[in-house]
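Chemist: Before we start, here is the structure in question, set down as structure tokens.
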Amino acid sequence: MSKIGLYIRLSVEDQIKIKESESITSQRMYLNDYLDKNAELKHLERVEYVDDGYSGTNENRTYYKRLLEDVKSGQITNIVVKDMSRFLRDYITLGDYLENIFPFLGIRFIAINDGYDSAKELGNGVEIDVQFKNLMYDFYAKDASAKVKAVKQTLNEQGKVLSWNPPYGYMKYPEDKHKIIPDDKTAWVVVKIYELYLEGLSMRKINDYLNEHEIITPAQRKLELTKMDYSKRYKNIKDNPAWNFSSVIGILNDEIYTGTYVYGRVDKSLINGTKNKGKALPKAEWGKVYDNHEPLISKEVFERVQELKASKTFKGNNTDYKWYQHSPLQGFLRCPECGYLLSCQKTTRKRKGKPDKVHRYFRCRYCKNDGVKIRGSNADKIEPIIFEVIKEKYDIASDLKEQTKKTVNYDQKITDLEISKQVSYEKYQLGQISRLDFIEKKKRLDGQIEKLKQAQFESNEVIEAEEITEDKLTRELMEKYIESIVVRGNEVLKINWKQGS
């Protein structure tokens, strides 16, 4: 029996959804009322697909994707929406569905407010007025995103804190939601963390100290201030609250505690939808408003902590550490969610009758500690990608060909001289030259061959060619050309090249 899919979508919402939105209820009633009055469709079994809190330009919607899967499997043969923008706002992609994909699959698509019913369109095509509407939907989404970003940029430049959740140690000013003030319950903890670090305690020991003294955690305080339920993300927040390493690092790294408002750390777009957290930007592109709010620590203390952390940072020339030897990408890959360096892990799997299988992969330990799900990056897949990009950008491949050509020239010259020796010997056998002439020529050719072989062996160019022909990424190449790389899974999102390289 044919089924009709009722697709319902609510626009992006920032507030927490306590109950199903009235907007969704309204759409549901509207679609069902339409079907009840349609003699041709009212008898069909109805299946609802509801996406709450998603942008229409974001195709990574749970029930949107499930609807398309059911369409492909033949479970759904009809789709009804309030208007086309509910289904999709991208003009080009929507046009492809209406003109090609749905007609090919035999799907009837109805957009009530747009007066569109594919069963009644000539040739199952899309009329001009419908195309124009779709184009306007697409333009509206992009225009709205640009305007929202512009407004946010203006507010940020004025030092207005836009985050609904203030950083640990602060709370929202009751009379101004864009202003933060010290939180008496937690501000002292931030100060204590900086003091402990300057006293010589490592970040992990500070983490242990906070847990031993049962000091309120950022997640716990967030729950108290915002009434937000984080039980799904922080599984032990109520039963076994604990500090995690990334929280300590985050506090020691955040300049906001000096009274400086920092914004623009992540590039977010309304077009991408709420499920896309955007991409981390380098510190050079961050915006700052100094002396914006009451500081918890002085700028001098903050700088001393940063200098101390930098002095303890792993140095690239210390190759004795096994940590460094796992991959030439170590110290360069950064997380797209939080911007921190990814750590490389190496595991070995035993296999009967076969060599052990070694797995090398990068993960963000900070996001992991915070309960944020993010895909790991396979070193064996990322390294060749970076190597190819470097070769192409700096024409290393051409250098390789040139150096390889020089090596081949040595071999060719030696081969030519060996042939000359053979020709001289044949002439001697035929009586065309004397034995003395042959011995003299052979001696001269042998000397030339020996010199070429020695030059080939000692040549730095040949040695360099041999190193490059390994055709793999090296630490030297990374340190020469790369500042940092942002990756998500096995996808390279952004490469920050070294200036002047």
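Chemist: For the ranges 66-76, 411-421, 163-173, what's the packing order if you count other beta-carbon atoms within 10 Å of each residue, average per peptide, and put the highest first?
Modeler: Result, highest mean first: 163-173, 66-76, 411-421.
Chemist: LYS120 to LYS152: FRET efficiency via 1/(1 + (r/R0)^6), r the Cβ-Cβ distance, R0 41 Å, to the nearest 0.05?
Modeler: With a Förster radius of 41 Å, E is 0.40.
Chemist: How would you rank VAL372, VAL81, going from fewest to most other Cβ atoms within 10 Å of each one's own Cβ? List each step's numbers first, then the result.
Modeler: Numbers: VAL372 15, VAL81 24.
Fewest-to-most ranking of VAL372, VAL81: VAL372, VAL81.
Chemist: Where does the charge balance sit around TYR7 when Lys and Arg score +1, Asp and Glu -1, over other residues with C-beta under 12 Å from its C-beta?
Modeler: Its environment carries a net charge of +4.
Chemist: Here's a follow-up. When you count, for each residue, the other Cβ atoms within 10 Å and take the mean per peptide, how do 422-434, 284-296 rank with the highest first?
Modeler: Order by mean packing, descending: 284-296, 422-434.
Chemist: Tell me, in nm to one decimal, what length is gained between TYR394 and SER298 on full extension, where the rule is 0.36 nm per residue of separation less the Cα-Cα distance?
Modeler: Roughly 30.1 nm would be gained on extension.
Chemist: Would you order CYS364, CYS338 from fewest to most other beta-carbon atoms within 10 Å of each residue's own beta-carbon?
Modeler: CYS338, CYS364
Chemist: Moving on to the next point. With r as the distance between the Cβ atoms of GLU45 and ARG488 and R0 = 51 Å, compute the FRET efficiency 1/(1 + (r/R0)^6) and round to 0.05.
Modeler: Efficiency, rounded to the nearest 0.05: 0.80.
Chemist: Applying 1/(1 + (r/R0)^6) with R0 = 22 Å to the Cβ-Cβ distance of THR348 and LYS381, what FRET efficiency is obtained, to the nearest 0.05?
Modeler: Result of the calculation: an efficiency of 0.75.
Chemist: Going by average Cβ density within 10 Å per residue, which order do the peptides 304-311, 192-199 take, highest to lowest?
Modeler: 192-199, 304-311
Chemist: Right, here's the next one. What are the residues whose amide H is under 5 Å from the amide H of VAL487, where those residues sit 5 or more places off or on another chain and H is modelled from the backbone?
Modeler: ARG334, LEU493
Only the coordinates and a few stated rules stand behind these numbers; no lab work does. These numbers come from a predicted model, not from an experiment. Positions of Cβ are generated from backbone atoms using ideal geometry, with glycine treated the same way; all protein chains shown enter the neighbour counts.
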